[in-house]
């Protein structure tokens, strides 16, 4: 990865998009390893993680992950999902975090040298261009190893650097437990569970 040791960096993780990308490549993310990997590369200022939450559910599959990230070095940005009925009468859930991510990135850009965006969403092309005009380099992490690619071509072209998730898989993937083993929780308060390996939150 193309980082300078003294440059200030921040991670912006589109949770649902990263989950879909890793799932398409058939591996799970170890978020502790991910944070350590980038902290070793440069001066990591902040790691933002964006996801929508289905609040009315008695148990949300994303909640253990959100709790773990919140206690282990990530800045969580969440909002409730919205339910709506489409033109065919089917109920759908919307949970788009693009605006929240864009606002946070623009606000902090002046304090950074390099931004790492975990998303392949082409809607972010204009945002990337805007922070580049502030003198900030932008690395996009997604994949072209799927069919179709998970990253929009216009976003990849706009980025200063593109890193395929496959190329850092060995650094950030979650290792499966041996059969019969139980994963231990770490750095968690009472009642908070260890994280699941993914973010199943919906996108809209």
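Each value in this text was obtained by applying a stated rule to the coordinates, not by laboratory testing. It should be emphasised that the depicted structure is a prediction, and the values quoted were computed from it without experimental measurement. Heads up, the Cβs are rebuilt from the backbone with ideal geometry, glycines too, and the neighbour counts pull from every protein chain shown.
Three principal axis extents, largest first, for the C-alpha atoms of region 8-172, in Å?
Over region 8-172, Cα extents along the principal axes are 46, 34, 33 Å.
For the pair residue 45/residue 132, report the inter-label distance in nm, with labels modelled 7 Å from Cα in the Cβ direction.
1.9
Using label points projected 7 Å from each Cα along Cα→Cβ, tell me how many nm separate residue 161 and residue 26, to one decimal.
2.9
Report the antiparallel proportion of the DSSP beta bridges in region 8-172 as a percent, rounded to a multiple of 5.
Of the beta bridges lying entirely in region 8-172, close to 15 percent run antiparallel.
Rank by packing, highest mean first: peptides 149-156, 2-9, 36-43, with packing defined as the count of other Cβ atoms within 10 Å averaged across residues.
Answer by packing, highest mean first, reads 149-156, 36-43, 2-9.
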